[in-house]
Number of protein chains: 2
Amino acid sequence: MMNGDSTTINITETRKETKGEAPLFAAPRVVASTSVVANTSAVEHPKGGRYKKGIAIFDFILRLCAIAATLAATVSMGTTDQTLPFFTQFFQFQASYDDLPAFQFFVIANAIVTGYLVLSIPFSIVCIVRPHAVGPRLLLIICDTVMVTLTTAAAASAAAIVYLAHNGNSSANWNSICQQFTDFCQSVSGAVVGSFVAVVLFLFLVVLSAFALRKY
Amino acid sequence: MMNGDSTTINITETRKETKGEAPLFAAPRVVASTSVVANTSAVEHPKGGRYKKGIAIFDFILRLCAIAATLAATVSMGTTDQTLPFFTQFFQFQASYDDLPAFQFFVIANAIVTGYLVLSIPFSIVCIVRPHAVGPRLLLIICDTVMVTLTTAAAASAAAIVYLAHNGNSSANWNSICQQFTDFCQSVSGAVVGSFVAVVLFLFLVVLSAFALRKY
């Protein structure tokens with residue numbers, strides 16, 4: 001589209017220049033210039049457009065999958081709450097995601113990413129409708145890169161804590177808590193897996209956008 | 001470069017066609033065809049080339065900074081070793097990075113990223129020398145995206161454990177170990193900060209590559 005616009009503008013500019021010249025002098029010019037007509041991007045558009053439209057549709061589908069993954073991770077982690085059936089005189093044993101800061105960060109980060117993905121859907125649709133639009137594509141790749149970092153940070157920090165909850169650490173004298181809170185550990189592990197799936201989907205989104213941005 | 005080549009080939013073809021025509025007939029053609037000359041990429045190349053060369057040089061500098069950051073993080077974490085001055089009858093109190101799996105992962109991941117960055121330097125130089133080459137640029141953006149995930153995962157998991165070492169967690173009955181191992185905690189925190197700096201530099205690298213890939 002951009003190339004088409006610039007062609008029209010330049011026609012009027014060069015028309016003024018060449019109008020004053022004699023036809024005889026113009027003859028060699030024709031030779032040099034008609035050659036370039038075959039070189040315009042108008043010839044390349046149909047093939048590149050179909051290719052880019054395919055990428056945009058795949059981008060849209062991946063985005064829907066990523067929404068499912070991050071939403072499942074958020075809900076799975078956010079609703080985790082286990083109360084043990086026994087209690088002492090002083091307190092009841094209860095485990096919830098907000099006991100551990102890493103899990104709180106996980107829920108917040110995944111909620112933000114889910115919100116971003118929902119808001120990015122219209123831009124993805126714009127990229128399907130107008131495969132050659134560079135603006136939305138560039139916006140998507142920049143935001144996706146930032147969001148892949150946020151998702152990875154949330155997933156990795158939660159994974160580190162989940163590992164500790166499962167195995168404990170004898171050097172630091174931290175005990176495993178998963179022997180008591182089995183259900184809690186299971187749903188938390190599931191949430192971490194869901195978040196890592198979202199990270200992989202995001203990686204594909206960024207790579208696809210890079211391919212869609214490249215020239216032919 | 002591609003556009004420049006095809007222009008030269010087409011010149012010779014059309015020269016043959018138009019040579020036989022009378023100069024007078026060529027006059028209206030001049031108007032329609034010289035217009036396209038302004039649209040060739042030969043006109044856009046100097047501006048776009050300089051812009052892309054600037055991006056490539058900035059990419060190279062950022063890459064050197066990222067090497068420094070990840071190398072500092074790796075060395076800082078890898079050489080951390082603290083032995084407390086007191087000991088009981090049975091064992092000596094000692095803290096090293098390989099006591100905690102998250103820190104081991106941190107060292108390995110940062111070493112891999114440092115190695116990748118050193119190997120990517122030649123490709124970055126190729127992008128400076130040939131600003132319009134799409135291949136190395138695309139390779140760099142894909143590998144950078146994978147590496148930003150690895151760096152973020154390492155930094156975030158180590159940060160989660162460092163937070164736990166500093167503050168402990170009363171719900172899970174995990175005690176803070178930084179009250180004893182102060183030097184250990186300090187150098188580990190420094191390494192995590194270095195790794196997060198590398199993450200930010202990587203984000204800039206990916207965004208720069210996206211801008212370099214886009215069309216005009």
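The values are calculated or read from the model by the stated rules, or taken from the named source; none is laboratory data. What you are looking at is a predicted structure, and each value in this text was computed from that prediction instead of being measured. All Cβ positions, glycine included, derive from the backbone under ideal geometry; neighbour counts span all protein chains shown. These area figures cover heavy atoms from the full protein model, side chains too; ligands, DNA and RNA do not enter into them. Shrake-Rupley method; radii C 1.70, N 1.55, O 1.52, S 1.80 Å.
May I have the convex hull volume per residue, in Å³, for the Cα set of the stretch B:118-207? Please report the intermediate quantities before stating the final value.
Working: hull volume 9.0 nm³, N = 90.
It is 100 Å³ per residue.
Fully extending the segment from A:Val200 to A:Ile108 would add 31.2 nm, taking 0.36 nm per residue of separation and subtracting the current Cα-Cα distance. Equivalent-ellipsoid semi-axes for the stretch B:53-197 (Cα gyration tensor, √(5λ), whole Å, largest first): 39, 14, 11.
Nearest 100 Å² is fine: what is the total accessible surface buried where chains A and B meet, probe 1.4 Å?
Details: alone 13390 and 13390 Å², together 21240 Å².
The A and B chains share an interface burying roughly 5500 Å².
Within the stretch B:183-213, the residues that become at least 40 Å² less accessible when every protein chain is included than when their own chain is isolated (1.4 Å probe; DNA, RNA and ligands ignored) are B:Leu203, B:Val207, B:Ala210, B:Leu213. Within 10 Å of the Cβ of each residue in A:132-145, the mean number of Cβ atoms contributed by other protein chains is 3. With each label modelled as a point 7 angstrom along the Cα→C-beta vector, the A:Leu119-A:Ser176 pair spans 4.2 nm.
Under the definition of partner shielding as Cβ atoms of other protein chains within 10 Å of a residue Cβ, what is the mean value for peptide B:116-127?
Values: counts 0, 0, 0, 0, 0, 0, 0, 0, 0, 0, 0, 0.
The shielding value for this peptide is 0.
For A:Trp174, the amide hydrogen comes within under 5 Å of the amide hydrogens of A:Asn169, counting only partners 5 or more places away or on other chains and with H modelled in the peptide plane.
Each residue of the stretch B:144-157 is assigned a 3J(HN,Hα), and the resulting list reads 4, 5, 5, 6, 5, 5, 4, 4, 5, 4, 4, 5, 5, 5 Hz, derived from the Karplus form 6.51 cos²θ - 1.76 cosθ + 1.60 (θ = phi - 60°), x at Gly and Pro.
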